[in-house]
Each structure stands twice: as C-alpha cells, then as structure tokens.
Amino acid sequence: RVRLDPPVDGLGPDAGEISRTQFRAAFARGTAPVKARLLDQDSIAGIGNLLADQILWQAKIHPARPVGELTRADIDRLFRAARRSVESSVANGGVHTLPILSFRKDDAHCPRCGAPMMRGKVAGRTTWWCSREQVLPGMAGSSCQTTRAEGIEATVLVPDVQSAVREGGCTPEE
C-alpha cells in the first residue's frame, strides 16, 4: 500500500538515524518477510526497493525470510548493512549509485561469489538476491517455495531454479 502523503507522525525512525535498539525492535517479531519489513515506512522510514535489495545482499539475508526467524546476529548484521547502504547512497548522490544495482538483471552473477542472481517478488516488489549467499535456512538444494505471511505472498527461488523452471516447479517473474 502506497501513501503519497503519509502522516509524518506515523512514520518510523529515519533509516539514516535509527539506533541499533530501535532497529532491533522493528525486527523483533512477526511473520512478514524481512524485505517487507524493510519497506514498511511505519517501521523504518526511508528504505525503498533498491535500497532494501542492497541491504539484504550486504547482510547475506534472503528477502523472504520471516523476521521472526532472524537471530540477534542476523538483525545486527542487517543493521550494519542498512547503515552502510544509507551512508553510501547519501554520500554518492542516491540509491542509483549502490553497487548491487548493476547486478539486478537477467544472467547477472553475484559480484561477491559469482553465483547466479535470482529474481522474484517479495512484498509485491521485484526482488534480486544471490542464489548462494542468500538462501533461506533449510532450503538449500530445494527448487522453490511459495510462502504467505501477514498477507504477503513470496515465491522463493533457490540455487537450482533453472532445473525447477524446466520441470515446471515454479517460474521466475516475467
């Protein structure tokens, strides 16, 4: 749900100023995918789709992972990645300068490990992630999974997505 003129009082802490304690509280519980929580302006204000993908890639966390399954170490890694990503985008003139953006395309490979980048939808938004470093816990070697939490459906594509697509298991976003 997009609000073009949201009430400022309802916005969460600014992504560039949020404290570690506030960040931990925003990710303390729930079943929403972590990307949906990052995009939720009531939780943290100022994170959009491109910035969320950069944060999740830096933190090596799958975008569809439920926030209630994140460990304290995961949340702290996510916080550090958010801080670095926001600082980088501000210092370099905007989110269009973030390093992962040039790898958000078909046939691209992760700049860190060389694995294929995957595309799907989480929270209704096109999402890209590394097929090797951003795998859902317990899903390695699986072909796909569709999850629904807090009204948000996510089709999760994991490393062997090409064989899953050939076998009709799931399809990447067109």
Residue within region 68-76 that is over 22 Å from Gln22 (Cα atoms), without any contact (Cβ under 8 Å) to a residue 40 or more places away in the chain and not aliphatic (A, V, I, L, M) present: no
Sort out which residues of region 77-115 are crowded, with 16+ Cβ neighbours inside 10 Å and more than 17 Å from Thr127 (Cβ to Cβ), and write them in order of number. Arg77, Phe79, Arg83, Val86, Ser88, Ser89
Does Arg24 qualify as being assigned to a loop (DSSP other than H, G, I, E, B) and closer than 23 Å to Pro137 by Cα? no
With respect to Arg37, is the statement that it is surrounded by 17 or more Cβ atoms within 10 Å (Cβ to Cβ) and not in a helix (DSSP H, G or I) true? no
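FYI, it's all coordinate maths here, none of it is from the lab. Owing to the predicted nature of the structure, the values given are computational and were not obtained by experimental measurement. Counting neighbours? That spans all protein chains shown, and the Cβs are built from the backbone with ideal geometry, glycine included.
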